[in-house]
Amino acid sequence: MKTKSIAASFLSAAMLLGMTACSGGGANSASDTAPAAGNSQAVSSSAAKDAAEKLTVWAWDDTFNVKAANEAKAAYAKIDPNVKVDVVSMAQNDIVAKLNTAFESGNVDGMPNIVLIEDYRIKNYLKSYPGVLSDLSDVTTPDKFMDYKLKTMTQDGKIYGVPFDSGVSCVFYRTDLIEKAGFKQSDMQNLTWDKYIEIGKAVKAKTGKAMISVDPSDLGLIRMMMQSAGKWYVNSDGKADIANNAALKEAVTIYKKMQQEGITITASGWDAGVAAVNESKVATSVNGCWYASSIKKAADQSGKWAIAEFPKMSNVSGSVNSSNLGGASWYVIDKVAGRDTAKDFLSKTFASDTGLLDSLCKDISLVSTYKDASSGKNVNAPDAFFNNQKIYKNWIDWTVNIPAVNYGTSTYDVESKMTEAVQSILKGASIDDTLKNAQTEVEGIVSAAD
Amino acid sequence: MKKKKSLSILKYFFMIIVSFISIFPFLWMIISATNDAREITAVKLTFGTHLVENLRNLFHSDLNFGASLGYSTFIAVITTVLALLISSVAGYGFEIFRSKARDRVFNILLLSMMVPFCALMIPLYRMFGAVGKTGLTGIGLNTLISVIAPYVCTAFLIFFFRQNTKSFPKDILEAARIDGLNETRIFFHMYMPVMKSSYAAGAIITFMSSWNNYLWPLVALQDPQKRTVPLILSAMGSSYTPDYGMIMAGIVIATLPTGFLFFMMQKQFVAGMIGSVK
């Protein structure tokens, strides 16, 4: 009797575990599924016509884009004091889970008027849920914004978003360590990856520090290299482009070479990467411009940092000294009451207000993709942490040259497949064979999302 | 004798390792709550001096952590009370009253445990959305009821109560019936007091899962003023440069209610899980 009841309690405990395990995994699977099923559901269409006095904006970083939305709110209050704007801060994954549930069920009650969506994710929403996001072609003037950014949000010739931040890539480097290794700051200009590795070897030999930290679960570096040559995991038609992608192959080769030459240290996870930089374990970090805020956390390193253009791949034709990592844009959900007010809000703030964009440069280090923002006072100011370099001006100048690519519908799903492939290449598998196999799998992922 | 001693040393050694593995994350969490973000990313394992600062940041952030504590408590308490009442009645009924279809119905109920919540989420969302549109706004999306209702009657809890009812002495039942007590009163006056420890175990399990529940409150609640504790913690962790010290302080506070409840009812919980009747 007793054994039986013990068995029963174990069974119940196991089931309980099963239940919690399921609910934990739910967030992921919910954000991964995106079949185009329910976009034709009846949504109260009359609601969109009501002139709303209240707008809701969703964004995810209190120190960055939420703060930006709040400054835009303050600016808009001077234009139209009757509109009450509510800025809500939420985790990005939470926003994605909520959008997916609402779009999939065709019920947009409680959704915000304006939402920030990452550029890597937007194509999926535009393709899977046509009509859910408003056409903003009359808000976003194409020749006012940089091309690479507009391409991410354009579908069938219509522009669906208002660009927010640039994720322009650069090399953040420690001038003191580079000089100890026998190189000057001029050596860091117009870099190629070959030169970068050469400097890295000298840094390792003279200072004992690694040149760069790599995260086995994050292929950001490879993505940046690909985009510097105008390539991506998918081609311009959105079809898988792995096996015959010369830029990808060269990027993986460089990635492997850096590790073979011993100029890297492994930092698993985002925080370990930041820690490596903050604790002077690495001489450089190759990242999007937004990484500056993480570097600045180590106040004792002030004055020791500088930035340089992204290295190009000398063996790939078309590779330039400019690329991008991340970035997001503002979108309007069409069926939520107050659409026209939301469009007006965006058109008078992020889509045109250079004064706002310039003060955001100072307050949140925003690198805008709005062309006229480059003449702003704060954009042209030197930054003390970076040894009085005009970093914002540099970033904006480099943003102009970022090659435009089609991010396709499933960057993150493809990335998780490619992470495995790259790991097996690092362990010695043949690049050609591995990429060929990956091609088939990525084709499957991409066609499932279409 | 000697063999016995070395065996027990081995046993204690094993237990020390296992308890260290279980306690370490908690210890780390508490230590982290006293350090700032940079010390945490650098894996500092000693107590720091930032606890007060972290707590101040936590309660003064725009995300309104204090209000979410109240909101989570309210949801968890109501869910627990309703779930215990409804599921224990069901579990009791399944065990005490006999009918031909009883076990078949019960098996179907158990099968429903195999359906993951993720599969139910979109239908549930549409259902609550549709109910809200009919004018019954009090029970649509973004209301307390939409968060509580799906959890007030779970197959697991019914199964748990039925299992424990098996050890409920049926003689008491017969005696009570002969004495003329009606079935409702038997349940409330005979069954409930005897099954105290099962209720305690059920309460801990339900309170904990409701307190920690993440996915459904996330999609069902849209008003930022109505966010539960896990949602607030998730929002805090989402910035590009998260303040881990503040988040850890928040997690320590979020762990306290379940921890407190467990230690208060530890004895009954263990008794309830192995189905004994006092």
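Remarks
- Take the conditions (1) in the same structural domain as A:ILE95 (by TED's automatic domain parsing); (2) modelled with pLDDT of 95 or more; A:ALA337 misses just one of them, which is (2).
Okay, residues lined up against (1) modelled with pLDDT under 90; (2) crowded, with 18+ Cβ neighbours inside 10 Å:
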{"site": "B:LEU111", "(1), (2)": "no, no"}
{"site": "B:ARG162", "(1), (2)": "no, yes"}
{"site": "B:LEU181", "(1), (2)": "yes, no"}
{"site": "B:SER198", "(1), (2)": "no, yes"}
{"site": "B:ALA201", "(1), (2)": "no, yes"}
{"site": "B:PHE207", "(1), (2)": "no, yes"}
{"site": "B:TRP216", "(1), (2)": "no, yes"}
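- Within segment B:83-110, residues that are closer than 13 Å to B:PHE156 by Cβ sit with their Cβ atoms under 7 Å from residues that are polar (S, T, N, Q), at 6+ positions apart or across chains, in these pairs: B:ALA83/B:THR154; B:ALA83/B:THR206; B:LEU84/B:THR206; B:SER87/B:THR154; B:GLY91/B:THR165.
One line per residue, one yes/no per condition, for (1) under 21 Å from A:ILE402 (Cβ atoms); (2) in contact (Cβ under 8 Å) with a residue 60 or more places away in the chain; (3) among the β-branched types (Val, Ile, Thr):
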position	(1), (2), (3)
A:ILE263	no, yes, yes
A:ALA267	no, no, no
A:ALA275	no, no, no
A:ASN278	no, no, no
A:SER285	yes, yes, no
A:GLY318	yes, yes, no
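- Conditions (1) within 14 Å of another protein chain (Cβ to nearest Cβ); (2) at negative phi; (3) surrounded by fewer than 22 Cβ atoms within 10 Å (Cβ to Cβ): number failed by A:ASN107: (3)
- Boolean, B:ILE158 is in contact with a Gly (Cβ under 6 Å, 6 or more places away or on another chain) and either within 13 Å of chain A (Cβ to nearest Cβ) or of a type in the set (Asp, Glu) (or both): yes
This table checks each residue for (1) over 28 Å from A:VAL171 (Cβ atoms); (2) crowded, with 16+ Cβ neighbours inside 10 Å; (3) touching a Cys at 6+ places or on another chain (Cβ under 8 Å).
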| position | (1), (2), (3) |
| --- | --- |
| A:TYR370 | no, yes, no |
| A:PRO382 | no, no, no |
| A:PHE385 | no, yes, no |
| A:ILE396 | no, yes, no |
| A:ASN406 | no, yes, no |
| A:LYS436 | yes, no, no |
| A:GLU441 | yes, yes, no |
| A:ILE445 | yes, yes, no |
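- Matching residues, segment B:1-48, being exposed (fewer than 10 other Cβ atoms within 10 Å of the Cβ) and within 28 Å of A:ILE295 (Cβ to Cβ): B:THR46
- Some residue of segment B:197-219 being in contact with a helix residue (DSSP H, G or I) (Cβ under 6 Å, 6 or more places away or on another chain), of a type outside the set (Ser, Thr, Tyr) and within 15 Å of B:GLY93 (Cα to Cα): no
- Filter pass, B:LEU69 being under 28 Å from B:LYS226 (Cβ atoms), within 14 Å of chain A (Cβ to nearest Cβ), of a type in the set (A, V, I, L, M) and assigned to a helix (DSSP H, G or I): no
- Cβ-Cβ contacts under 6 Å between residues 6 or more apart (or on different chains), taken from a first residue in segment B:206-227 that is facing chain A (nearest Cβ under 8 Å) to a second residue that is of a type in the set (Val, Ile, Thr) and not in a helix (DSSP H, G or I), are listed as B:PRO224/A:VAL88.
- Residues that are over 20 Å from B:THR165 (Cβ atoms) and aliphatic (A, V, I, L, M) were ranked within segment B:60-97; the one that is surrounded by the most Cβ atoms within 10 Å (Cβ to Cβ) is B:ALA76.
- From the list A:SER365, A:SER352, A:SER347, the lone residue that is at positive phi, in contact (Cβ under 8 Å) with a residue 12 or more places away in the chain and not assigned by TED's automatic domain parsing to the domain that holds A:ASP300 is A:SER365.
- Test: residue in segment B:256-267 that is at the interface with chain A (Cβ under 8 Å from one of its Cβ atoms), assigned to a loop (DSSP other than H, G, I, E, B) and not basic (Lys, Arg): no
- Pick from segment A:275-299, criterion of a type in the set (A, V, I, L, M), more than 16 Å from A:LEU325 (Cα to Cα) and not in a helix (DSSP H, G or I), ranking: nearest to the other protein chains (Cβ to nearest Cβ): A:ALA298
- Residues of segment A:216-274 satisfying the condition of being within 14 Å of chain B (Cβ to nearest Cβ) and on the phi > 0 side of the Ramachandran plot: A:GLY269
The values are calculated or read from the model by the stated rules, or taken from the named source; none is laboratory data. The structure presented is a predicted model; accordingly, all values stated were derived computationally and were not measured. Cβ coordinates were reconstructed from backbone atoms using ideal geometry, including for glycine residues, and neighbour counts include every protein chain displayed.
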